[in-house]
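The values are calculated or read from the model by the stated rules, or taken from the named source; none is laboratory data. From a predicted model like this one, the values you see are computed outputs, not experimental measurements. Counting neighbours? That spans all protein chains shown, and the Cβs are built from the backbone with ideal geometry, glycine included.
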Amino acid sequence: METLRSYLKTLSPLEQADFARRAGTTIGYLRKALSKGQRFGGALVRQLHIQSGGYVCLTDLRADIWPADEQQPSRAKETAALIDSRMSKRALRAKLGLSSDALLAKVLGLPVEQVSGWADEDMVPSLPQVMKLLGHAEQQEPAQPANEDPDADRIAPIEVA
């Protein structure tokens with residue numbers, strides 16, 4: 001249920017309703033089932049998986065039907081292996097199953113204007129949000145040594161005649 005809940009959070013209310021419609025249900029039913037922990041039917045689970053582009057995990061929704069060893073790889077778990085940090089914005093959207101820059105901006109947590117400003121065929125920038133999505137560990141900047149002399153910035157060189 002967590003992958004479905006996470007996926008729905010990346011969509012706007014209109015996109016959520018469209019996703020549910022394509023899967024053969026309503027967003028109201030999905031919200032109710034998520035809040036009550038109801039089990040989805042096998043056909044609905046399969047459609048949720050397909051319509052999310054593989055993001056919604058089959059095993060997460062119905063482990064009794066799709067055990068982990070028989071499941072098709074989930075988009076959420078396999079994203080890091082599928083995505084190369086040197087890929088274009090268009091390729092990144094395609095790998096994530098996103099249809100627009102607005103959805104990519106939501107996933108990255110960036111303003112839509114910023115993501116829209118990237119050229120479709122250029123490499124995605126190495127921003128922390130992008131690197132995290134691509135599964136790269138955050139690079140920490142080396143710590144600056146503490147200045148032991150509090151007056152070091154106030155001392156000026158003296159010229160002697």
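Answer with yes or no whether Leu92 is at pLDDT 75 or above and out of contact with any strand residue (DSSP E or B) (no Cβ under 9 Å at 6 or more places or on another chain). Lay out the reasoning, then the answer.
Working: at pLDDT 75 or above: yes; out of contact with any strand residue (DSSP E or B) (no Cβ under 9 Å at 6 or more places or on another chain): yes.
Yes.
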May I ask you to verify whether Leu34 is within 29 Å of Pro111 (Cβ to Cβ) and either modelled with pLDDT of 85 or more or among the hydroxyl-bearing types (Ser, Thr, Tyr) (or both)? yes
If you check every pair at least six apart or on different chains, which have Cβ atoms under 9 Å apart with a residue in the range 80-101 that is in a helix (DSSP H, G or I) first and a residue that is at pLDDT below 75 and of a type in the set (Ser, Thr, Tyr) second? Lys95/Thr79; Leu96/Thr79
List every residue pair whose Cβ atoms sit under 9 Å apart, with the two residues 6 or more apart in sequence or on different chains, where the first one lies in the range 24-53 and is polar (S, T, N, Q) and the second, anywhere, is loosely packed, with under 13 Cβ neighbours inside 10 Å and in a helix (DSSP H, G or I). Gln38/Lys32
Hey, any hits in the range 71-81 for a residue that's at pLDDT below 75 and over 18 Å from Glu2 (Cβ atoms)? yes
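Which residues, taken from the range 123-161, are of a type in the set (Asp, Glu) and either at pLDDT 75 or above or surrounded by 13 or more Cβ atoms within 10 Å (Cβ to Cβ) (or both)? Walk me through how you get there before you give the answer.
The initial filter retains those residues of the range 123-161 that are of a type in the set (Asp, Glu), namely 138, 141, 148-149, 151, 153, 159.
The one that is of a type in the set (Asp, Glu) and either at pLDDT 75 or above or surrounded by 13 or more Cβ atoms within 10 Å (Cβ to Cβ) (or both): Glu159.
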Within the range 6-21, is even one residue farther than 20 Å from Ala102 by Cα and of a type outside the set (Gly, Ala, Ser)? yes
Quick check on Arg86: is it loosely packed, with under 15 Cβ neighbours inside 10 Å, under 25 Å from Ser116 (Cβ atoms) and modelled with pLDDT under 85? yes
Considering each residue of the range 26-59, count those that are part of a loop (DSSP other than H, G, I, E, B) and of a type in the set (A, V, I, L, M), and give that number. 1
